[in-house]
1. Compute the FRET efficiency between ILE17 and ASP101 as 1/(1 + (r/R0)^6), taking r as their Cβ-Cβ distance and R0 = 22 Å, and round to the nearest 0.05.
2. By average Cβ neighbour count within 10 Å, what is the ranking of 9-20, 81-92, 30-41 from highest down?
3. Accessible surface of VAL28 in the full protein assembly, 1.4 angstrom probe, to the nearest 10 Å²?
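The values are calculated or read from the model by the stated rules, or taken from the named source; none is laboratory data. Since the structure is predicted, the reported quantities are computational estimates derived from the model, not experimental observations. Neighbour counts are summed over all protein chains in view; Cβ atoms, including those assigned to glycine, are modelled from backbone coordinates with ideal geometry. Side chains are part of the model used for accessible areas, which takes the heavy atoms of the whole protein and leaves out ligands, DNA and RNA. Shrake-Rupley method; radii C 1.70, N 1.55, O 1.52, S 1.80 Å.
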Amino acid sequence: MNFSACHMLVDEIHWEINQTDPKRTIQVGSFRIMPDGSQRLSEIPYKQSTVQLTELLETACSKPGDYYQSVDKLTNTKIYRRQNRRDGQPASLKNLTLSKDIMKMLKFASCVKRVRCMM
């Protein structure tokens, strides 16, 4: 379960990062105000910034509902697949297992393990 939750998180975060406009920037800098009232601010790319990654991790717990459990025929291991493909096409629903308990476990594992997955 832990590997599957990490795989799901990394997949979701990687996709979201790739959807980000590479031209988008954010202002960062010191919170210190100089005697003349100015601040030292600079702009950095938003894509893959600490701010973006933090925002993505904060919303990661809502993603497990997009997945279902399946069993790999070759290895006989449980895997998790997206219910809907990102391109809008229907996903293959072979060996599908949908359960409220499975969704709870996956959501719990992804929320609890999200920091460890990213390390």
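1. 0.10
2. 9-20, 81-92, 30-41
3. Only protein atoms counted, so the area is about 50 Å².
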